[in-house]
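*Asks:* Quick one: structure below, then a few questions.
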């Protein structure tokens, strides 16, 4: 399949696009989808190189993915987790007439720590993951998944869920995984944050080892968004703390009807 795979499910006037993180696919959102599909029409995306979009020709680059998804979906609110948040934020900034709201889950405008940005990981982390993919593909993915679950009070269940899902539609394309690491390493949307005009909610995990809650709080403050920190959650709060994520999304969704 060369096209971008987007599964539509649920019903309701509120349309919601969901974008997953690095090395995963849209099915990771199943706990959220089960609770949202009774009131939202969901458009669950498999990003290029991942899941059912493994052979998609769209490059895993924020602007290219945003354009492709905008072209394939109706006006909608967008929810992005981790790497998917960078694509969702890019879309919200570039296509404000098509994106009715933005939910960022464990995602910030900049993932890499720098002299003026303490709210990320060290710069060499993503480069090292890229190098390690060539040495031991599966072990490198497993190490990244462990980092996503680390810190959560439900870490054991979350890592089991992540490991079960990552290869459920075949192995993610290594070339595209490296593109995703470059996206995480080089994207910095902080200067554009005051231009974000849609309703936004920034849902952080208090124990997240990849995206500190303080960085998401800063981003929310730049655009007048709402910040929620789920105290005992790690990077994948929607797995172990689904109800808390739904509670944070509820008032935001009410504001997102076009």
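The values are calculated or read from the model by the stated rules, or taken from the named source; none is laboratory data. Because the structure is predicted, anything quoted here is derived from the model rather than measured. Methodologically, a virtual Cβ is constructed for each residue, glycine included, from the backbone with ideal geometry; neighbour enumeration extends over all protein chains shown.
*Asks:* Checking the structure you have, find out if any residue of region 219-227 is outside any helix (DSSP H, G or I) and under 18 Å from residue 30 (Cα atoms).
*Replies:* So the first thing to find is which residues in region 219-227 are outside any helix (DSSP H, G or I), and the list is 224-227.
Checking the rest, the ones that are also under 18 Å from residue 30 (Cα atoms) come to none.
No, that holds for no residue.
*Asks:* For region 228-242, enumerate the residues that are in a loop (DSSP other than H, G, I, E, B) and under 19 Å from residue 17 (Cα atoms).
*Replies:* Within region 228-242, 236 is the sole residue that qualifies.
*Asks:* Further question on the same structure: Restricting attention to region 249-258, and to residues there that are in a helix (DSSP H, G or I) and in contact (Cβ under 8 Å) with a residue 60 or more places away in the chain, which single residue is surrounded by the most Cβ atoms within 10 Å (Cβ to Cβ)?
*Replies:* Of everything passing the filter in region 249-258, 249 is surrounded by the most Cβ atoms within 10 Å (Cβ to Cβ).
*Asks:* Within region 57-84, take every residue that is buried (at least 24 other Cβ atoms within 10 Å of the Cβ) and either in a loop (DSSP other than H, G, I, E, B) or at positive phi (or both) and give me the one that is modelled with the lowest pLDDT.
*Replies:* Ranking the candidates gives 60 first.
*Asks:* Same structure again: In region 29-52, which residue that is touching a strand residue (DSSP E or B) at 6+ places or on another chain (Cβ under 8 Å) and in a helix (DSSP H, G or I) is surrounded by the most Cβ atoms within 10 Å (Cβ to Cβ)?
*Replies:* Per the stated criteria, the residue is 51.
*Asks:* What pairs come out if I take residues in region 190-201 that are within 18 Å of residue 249 (Cα to Cα) and pair them with residues that are at pLDDT below 95 and surrounded by fewer than 17 Cβ atoms within 10 Å (Cβ to Cβ) whose C-beta lies under 7 Å away, six or more apart or interchain?
*Replies:* Once the first residue is within 18 Å of residue 249 (Cα to Cα) and sits in region 190-201, its partners that are at pLDDT below 95 and surrounded by fewer than 17 Cβ atoms within 10 Å (Cβ to Cβ) give 199/255.
*Asks:* Would you call residue 180 crowded, with 20+ Cβ neighbours inside 10 Å and out of contact with any strand residue (DSSP E or B) (no Cβ under 6 Å at 6 or more places or on another chain)?
*Replies:* Criteria met by residue 180.
*Asks:* Can you find a residue that is modelled with pLDDT of 95 or more, buried (at least 22 other Cβ atoms within 10 Å of the Cβ), under 16 Å from the mean Cα position of the chain (by Cα) and farther than 22 Å from residue 228 by Cα anywhere in region 5-20?
*Replies:* no
*Asks:* Same structure, new question: Here are some residues: 111, 126. Which one is under 22 Å from residue 212 (Cα atoms), buried (at least 17 other Cβ atoms within 10 Å of the Cβ) and touching a residue at least 60 places away in the same chain (Cβ under 8 Å)?
*Replies:* Of the residues listed, the single one that is under 22 Å from residue 212 (Cα atoms), buried (at least 17 other Cβ atoms within 10 Å of the Cβ) and touching a residue at least 60 places away in the same chain (Cβ under 8 Å) is 111.
*Asks:* Have a look at 211, 201, 245 and point out the one that is surrounded by 22 or more Cβ atoms within 10 Å (Cβ to Cβ), part of a loop (DSSP other than H, G, I, E, B) and at pLDDT 95 or above.
*Replies:* 211
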